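Encoded as structure tokens, the structure appears first; notes follow it.
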Amino acid sequence: MPRHSPYDIILSSDEEHELRQRSEAYTRPYAEVVRARVILYAAEGLRNDEIAARLDLSRVRGSKWRKRFFEHRLEGLRDRPRSGQPRAFPPYGGDAGQSAGL
């Protein structure tokens, strides 16, 4: 039996407008589009397993974004800073002015 999420999503008109823009934008990163769609489906009352099936993602991933939106609203849909040392650029470790020898 599917579980009901304790995070019921109710959108303001401004939030719904913003999420619809994000979900329909072809120039946005794919992850942002999917996150917006997760929240729009949740606001329609769909369960996490239904959302996951529609968007071809795991139930856990959908519930993560639902919870983060519930707790932090639109700000919660941003990527959080990652731990660890930042990537070195360029990846081959040389100076930016040097070629990779290709």
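Read-outs throughout are calculated quantities, based only on the coordinates presented, and are distinct from any laboratory measurement. All values derive from a computational prediction rather than experimental measurement. Because the Cβ atoms are built from the backbone with ideal geometry, glycine has one as well, and the counts that use them run over all protein chains shown.
Points worth noting:
- Spin-label model distance (nm) - D14 vs A31, 7 Å beyond Cα toward Cβ: 2.6 nm
- Across the stretch 71-77, computed HN-Hα scalar couplings (Karplus, 6.51 cos²θ - 1.76 cosθ + 1.60, θ = phi - 60°) run 7, 10, 6, 4, 4, x, 8 Hz from first to last residue, x flagging Gly and Pro.
- For the stretch 31-36, backbone phi angles converted through the Karplus equation (6.51, -1.76, 1.60; θ = phi - 60°) give residue-by-residue couplings of 4, 5, 5, 5, 4, 4 Hz, Gly and Pro being listed as x.
- Annotation for the stretch 1-85: chymotrypsin sites (Phe, Trp or Tyr not before Pro) lying in DSSP loop with at most 10 further Cβ atoms inside 10 Å of their Cβ are Y26.
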